[in-house]
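Laboratory data are not the source of any read-out in this text; all were calculated from the coordinates shown. Here the structure is a predicted model, which is why all the values come from computation and not from measurement. Note that each Cβ is placed from the backbone with ideal geometry, even for glycine, and that neighbours are counted across all protein chains shown.
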Amino acid sequence: MLFSIAMMFIFSNGSDWTRGTIILQVVLLISLAVFSHAYRNYIKGNEWSLLSIKQLIPRVLLGVIITSLAVQIFVHVLIYFVIPLDGILPFSWPSFFGYTFSVSLVMALWSTIYFAYQFVQRNRRSEMEKLVLTAALNEAELAILKNQINPHFLFNALNNIRSLILSDPEKARTMVTHISE
């Protein structure tokens, strides 16, 4: 809608600003919002964000064309047959396909942004999973090392106490107390 209004502002002399053209822009905005939301639900339902680029591109192109055609058919039926608007040019196939092409460009841009965002999110989740796995691996390695050190420490301490029992029994008792603490 903003793009269309900007184009009308840039390329018209003010004669295009009628009640009908403003209503048309609102109808287009609502139609595109509804149809693009339905398109997004279809994408999510079929998990397109998990596809490879080679699988994704043809689906997106077809989805963009179908959605753009559906929007234009809906809008044209609405503005020419259901609630005819004042100030709207008569129906013509070239303008219909021109509008469909411009909506396709907008939908293609929307799809590109959407899938780029999905790709970044998927990579971010993957990196987080890798970091969590690395941290878990480091923790496991540390636990293994601790388990290896503890028996070795206990073995050395008991050998030292054994030798102290004969030479300095008081010191041996103190050492046993420290180890038990």
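Quick rundown of the values:
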read-out: Sites Thr177 and Asn138, calculated FRET efficiency, Cβ-Cβ separation with R0 45 Å, nearest 0.05; value: 0.85
read-out: Proxy reagent accessibility, fewest Cβ within 10 Å first, across Tyr114, Tyr80; value: Tyr80, Tyr114
read-out: From the coordinates shown, percent of Cα pairs over 30 Å apart corresponds to which of [x] 14; [y] 50; [z] 53; value: [z]
read-out: Local electrostatic count at Glu47 - Lys and Arg +1, Asp and Glu -1, tallied over other residues with Cβ under 12 Å; value: +3
read-out: Peptides ranked, highest mean first, by Cβ atoms within 10 Å: ranges 35-46, 144-155; value: 35-46, 144-155
read-out: Separation of alpha-carbon centers, the stretch 154-181 and the stretch 32-77, rounded to whole Å; value: 77
read-out: Sequence of Ile73, Ile161 once ranked by neighbouring C-beta atoms within 10 Å, starting from the fewest; value: Ile73, Ile161
read-out: Electrostatic dipole magnitude of the chain [Cβ: Lys, Arg +1; Asp, Glu -1; Cα centre; debye, to 20]; value: 240
read-out: Calculated [θ] (222 nm, deg cm²/dmol) that DSSP helices of n ≥ 4 give over the chain, each run adding -39,500 (n - 2.57); value: -29500 deg cm²/dmol
read-out: Estimated FRET transfer efficiency (Val26, Phe97; beta-carbon r; R0 22 Å; 0.05); value: 0.45
read-out: Positive-pole candidate from Tyr114, Leu69, Asn160, dipole of the stretch 30-181, charges at beta carbon; value: Leu69
read-out: Net length gained if the chain between Gln55 and Asp168 were fully extended (0.36 nm per residue, minus Cα distance); value: 32.7 nm
read-out: Dipole moment magnitude, nearest 20 debye, the stretch 135-180 about Cα centre, only Lys, Arg, Asp, Glu C-beta charged; value: 180
read-out: The chain, relative contact order in percent, only Cα pairs under 8 angstrom and at least six apart counted; value: 21
read-out: Estimated vicinal HN-Hα couplings, Hz - the stretch 88-102 in sequence order (Karplus 6.51, -1.76, 1.60; Gly, Pro = x); value: 9, 4, x, 4, 8, 4, x, 5, 4, 6, x, 5, 4, 5, 5
read-out: Distance (nanometres) between label positions extended 7 Å along Cα→Cβ at Ala38 and Ile83; value: 1.8
read-out: Anisotropy class of the stretch 135-180 from Cα gyration tensor, a/c 1.5 cut; value: prolate
